[in-house]
1. Kindly list, by first and then second residue, each pair from a residue in region 198-221 that is free of Cβ contacts under 8 Å to residues at least 12 places away in the same chain and under 27 Å from VAL263 (Cα atoms) to a residue that is open to solvent by 70 Å² or more (accessible area, probe 1.4 Å) and assigned to a helix (DSSP H, G or I), limited to pairs with Cβ atoms under 7 Å and residues at least 6 apart or on different chains.
2. If you go through region 270-287 one residue at a time, do you hit one that is open to solvent by less than 30 Å² (accessible area, probe 1.4 Å) and more than 30 Å from GLY193 (Cα to Cα)?
3. Test LEU387 against the stated conditions and say whether it is in contact with a helix residue (DSSP H, G or I) (Cβ under 6 Å, 6 or more places away or on another chain), more than 25 Å from GLU297 (Cβ to Cβ) and modelled with pLDDT under 80.
4. Please go through region 292-311 and give me each residue that is among the charged types (D, E, K, R) and either outside any helix (DSSP H, G or I) or within 17 Å of ARG355 (Cβ to Cβ) (or both), ordered by number.
5. Would you please name the residue that is farthest from ARG92 (Cα to Cα), looking only at residues in region 18-65 that are among the polar types (S, T, N, Q) and open to solvent by less than 70 Å² (accessible area, probe 1.4 Å)?
6. Across region 210-261, what is the total count of residues that are of a type in the set (Ser, Thr, Tyr) and modelled with pLDDT under 90?
7. How about region 184-196: which of its residues are open to solvent by less than 70 Å² (accessible area, probe 1.4 Å) and of a type in the set (Gly, Ala, Ser)?
8. Report the residue count in region 340-363 for those that are within 17 Å of ASP279 (Cα to Cα) and either aliphatic (A, V, I, L, M) or open to solvent by 30 Å² or more (accessible area, probe 1.4 Å) (or both).
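The values are calculated or read from the model by the stated rules, or taken from the named source; none is laboratory data. As the structure is a prediction and not an experimental result, all values here were calculated from the model. Here the Cβ positions follow ideal geometry from the backbone for every residue, glycine too, while neighbour counts run over all protein chains shown. SASA here: full protein model, heavy atoms, side chains in, ligands and nucleic acids out. Shrake-Rupley method; radii C 1.70, N 1.55, O 1.52, S 1.80 Å.
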Amino acid sequence: MGVAGPFPGYAGKPPGPVLDRDEADRALARLGAEHEAIETSLLALQDHAGRRLLEGADLTGVTKERWATTEQSITLLWGYFDAYAAAIEEAREIRARRRSPNRDDLLALTELLRGQSVTLASTATRADPSITGPAKLSERFSLEELVARMNDLYARSLDMVVASDSVWSALPARIDLLAAELRRTRSLAHSVGVRPGEHPAGDDLESITHELTTLRVQVISDPLAFWLPGPGSAAPGGGRPDTARYDRAARALDDVRREIEAVLAVRQDAEQRLVQLRDILSRADRTLAEARSARGEVLAKIAASEVPAVSGPPTALQERLAAASEYRRHAQWHRLSPLLESLEREAEDELLRARESLTAVTAPLAVRAELRGRLDAYKAKVARHGLAEDPVLIERYDAARRMLWSAPCDLRVAAQSVLRYQEAVAELLNPRRPCAPEDRR
């Protein structure tokens, strides 16, 4: 609700020469306009929504202290205004006696309008010394001084009322909206098993709930504790509400909401992820079984070769996978979410380890297959050059073949035999030519 601005200042001259009729009439007209402006401002302050709320609120803290002072200021304002209005009315009565006032009338008007003509008893001026200075039995004011005093009290009172109303207009509604969002989030969290003591997000929701409840109570009872005055602003109500605690709670709720959304995503695709995990672990088991079978074959067919041992199936992962299935069955999504993430990483690692184990176990067979392929390739090369009947090549080929196709096969000896056959082939295909005799002429 809007409130009129500060009272207009008193523009009359200080006590001095006696006013003439025209000066007195002009002064009375000006004071009448000031009286109306002051009355309008006081009535607007009286009807201000913030003032009515302050009157009915159970206040605490700094707001309680300042409102007690402000109530005294408002009471004092009306007392000053009544005295101000009475002085103007008395001046009007003096002026109304005659069409052309005599010197006594003009002296009386000069004293009323320019001198310290208003005397207020201690009952009217008693207030906090911070407002009116040290308490006195009575005080005398000129109309100019009285308006200045009312301006000061009005500005202080209006500042306190506007600041409180601004906080009440801004924060409680926002807190209520956030609390409603918090209730929806709590309901959703409960449906996916996110509860206090069972999941960190559940504990966070409890903490946010307590903070919002406490914050609302404090804002309602002590709004000025949440007011930041504007720097360098002398206007009443200059500043803004302090929303730091509200903003922290809102950010915390956003973090919890993202966590719950992640849990919801797990609920939606949990079955598919569990199927993929079972498939990966099944492939790892088959690969390890193939590696164990291959190791037996290598030990039977390859001699003088170190074959690494093959580990058993990942029973620990299978047990955790079974636990994940139980979590899904009982809708414990908050526990399933982190378990699935770790299982997916470890299952991929297990499949890679099984493949590496199979590769390491079958390496000797791969070496033997490579030697066999090389031996047959050189034999085909010899046949293309018409040297298939060469006795040396036949002898060395048969020796290498016996080594490679015998069980167990000694790879080192077989490799040497294949190399000897390659050297013999190279010697026949590229015979060394004798050096030409030196020309001594």
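1. Close Cβ pairs (under 7 Å, with a partner that is open to solvent by 70 Å² or more (accessible area, probe 1.4 Å) and assigned to a helix (DSSP H, G or I)) do not exist here.
2. yes
3. Details: in contact with a helix residue (DSSP H, G or I) (Cβ under 6 Å, 6 or more places away or on another chain): yes; more than 25 Å from GLU297 (Cβ to Cβ): yes; modelled with pLDDT under 80: yes.
The answer is yes for LEU387.
4. Passing the criteria: ARG292, ARG295, GLU306.
5. To start, the set of residues in region 18-65 that are among the polar types (S, T, N, Q) comprises 40-41, 46, 60, 63.
Subsequent filtering for residues that are open to solvent by less than 70 Å² (accessible area, probe 1.4 Å) retains 41, 46, 60, 63.
On the way: SER41: 23, GLN46: 27, THR60: 46, THR63: 42 Å.
Checked region 18-65; the qualifying residue farthest from ARG92 (Cα to Cα) is THR60.
6. Qualifying residue count, region 210-261: 1.
7. Across region 184-196, the qualifying residues are ALA189, SER191, GLY193.
8. Applying the first criterion (within 17 Å of ASP279 (Cα to Cα)) to region 340-363 yields 340-355.
Filter once more, so that each one left must be either aliphatic (A, V, I, L, M) or open to solvent by 30 Å² or more (accessible area, probe 1.4 Å) (or both): 340-341, 343-349, 351-355.
Residues in region 340-363 being within 17 Å of ASP279 (Cα to Cα) and either aliphatic (A, V, I, L, M) or open to solvent by 30 Å² or more (accessible area, probe 1.4 Å) (or both): 14 in total.
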